[in-house]
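Here the structure comes first, spelled out in structure tokens, and everything after it is commentary.
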Amino acid sequence: MSSAARRTLQQQTRPVPPLYIGDRLTQAEFHRRYEAYDGDEKWELIGGIAYMASPQRVHHSKYEPKLSTILCLYEEVTPGVEVLSNATSILSEESEPQPDLALRIVPDFGGQSKTKKGYVVGAPELVAEIAHSTVAIDMGDKKDDYEQAGVQEYMVLCVEEKELFWFDFASRGQIAADPRGISRSRVFPGLWIDGSALIAGRLSRLLKALNQGLASPEHAAFVKRLEAAHQKRKPR
């Protein structure tokens, strides 16, 4: 066996190092270690540093299904839009998070992210996280990673403060609620969310706000734009 072949064999059989909280890694090395990891814990690479998610508390698991329901219903009537839950997203050489929820436009309809080997590559248009409070990493380094990667809107429900933050990175501001307490996505027209209803866990009120948004002219126009973008990408 040649020396080159022996080196290749050694590389193939060498154990993959474990992940440790605080490891400073490239995305490629983090991904290699994460794929070899045999535990059930959720790991993320944020700003080039490996983090393991905390155990999920009741509040987190209480809010996520409500928000997921709204996003899934929006997906149902908006062709070319896809909801993702805890999908590994490769954003840059230093960032590989697993957002609680994401809403994206699929590539065939003009979306900015792709799917490669079963993973999201590039930034979904909208990302949503459930955070324990405003001091969580979701409101700091992770927010910075999402903005730098090209996420257009970022929604964070902070449980302790009972507040919904909805960032519009294009304007470098936040999406404010109207006098009725309803916030409206700018990237996904018709996605209307009643923040106080989400915090209170009132699904009926959430559905009422969403249905109003789906009946709006803005949503109808968005559907037409998506369908037109899809037609342009169809093979002739």
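The values are calculated or read from the model by the stated rules, or taken from the named source; none is laboratory data. What you see is a predicted model; the values in this text were computed from it and never measured. Backbone-built Cβ (ideal geometry, glycine too); neighbour counts: all protein chains shown.
Quick notes
- Residue satisfying condition, being in contact with a helix residue (DSSP H, G or I) (Cβ under 8 Å, 6 or more places away or on another chain) and among the polar types (S, T, N, Q), within set T134, T115: T115
- A single entry from A128, A170, A149, A176 fulfils the requirement of being aliphatic (A, V, I, L, M) and within 19 Å of H31 (Cβ to Cβ): A149.
- Residue match in the range 194-210 (condition: under 19 Å from V77 (Cβ atoms), outside any helix (DSSP H, G or I) and in contact with a strand residue (DSSP E or B) (Cβ under 8 Å, 6 or more places away or on another chain)): yes
- All conditions in (1) in contact (Cβ under 8 Å) with a residue 12 or more places away in the chain; (2) closer than 30 Å to G48 by Cα; (3) not in a helix (DSSP H, G or I) hold for P189, with the sole exception of (2).
- Within the range 146-182, if we keep just the residues that are in a loop (DSSP other than H, G, I, E, B) and under 24 Å from T88 (Cα atoms), the residue that is nearest to the chain's Cα centre (by Cα) turns out to be V151.
- Inter-residue pairs, beta-carbon under 7 Å, first over 15 Å from W43 (Cβ atoms) and in the range 78-94, second β-branched (V, I, T), 6+ apart: T78/V223; P79/V223; G80/I105; G80/V106; V81/I105; E82/V106; L84/V120; E93/T26
- Residues of the range 30-45 satisfying the condition of being at pLDDT 90 or above and either surrounded by 16 or more Cβ atoms within 10 Å (Cβ to Cβ) or in contact with a strand residue (DSSP E or B) (Cβ under 7 Å, 6 or more places away or on another chain) (or both): F30, H31, R33, Y34, W43, E44, L45
- Among (1) assigned to a strand (DSSP E or B); (2) over 18 Å from E75 (Cβ atoms), the one test that T115 misses: (2)
- Residue list for the range 82-112, restricted to those being outside any loop (DSSP other than H, G, I, E, B) and either over 13 Å from the mean Cα position of the chain (by Cα) or at positive phi (or both): S92, P107, D108, F109
- Considering residues of the range 118-134 that are in a loop (DSSP other than H, G, I, E, B) and in contact (Cβ under 8 Å) with a residue 60 or more places away in the chain only, the residue nearest to the chain's Cα centre (by Cα): E125
- Candidates are the residues of the range 215-236 that are without any contact (Cβ under 8 Å) to a residue 60 or more places away in the chain and in contact with a strand residue (DSSP E or B) (Cβ under 9 Å, 6 or more places away or on another chain); the one that is surrounded by the most Cβ atoms within 10 Å (Cβ to Cβ) is E218.
- Residue selected from the range 46-82 under the condition among the β-branched types (V, I, T) and crowded, with 21+ Cβ neighbours inside 10 Å, by the criterion nearest to I193 (Cα to Cα): I70
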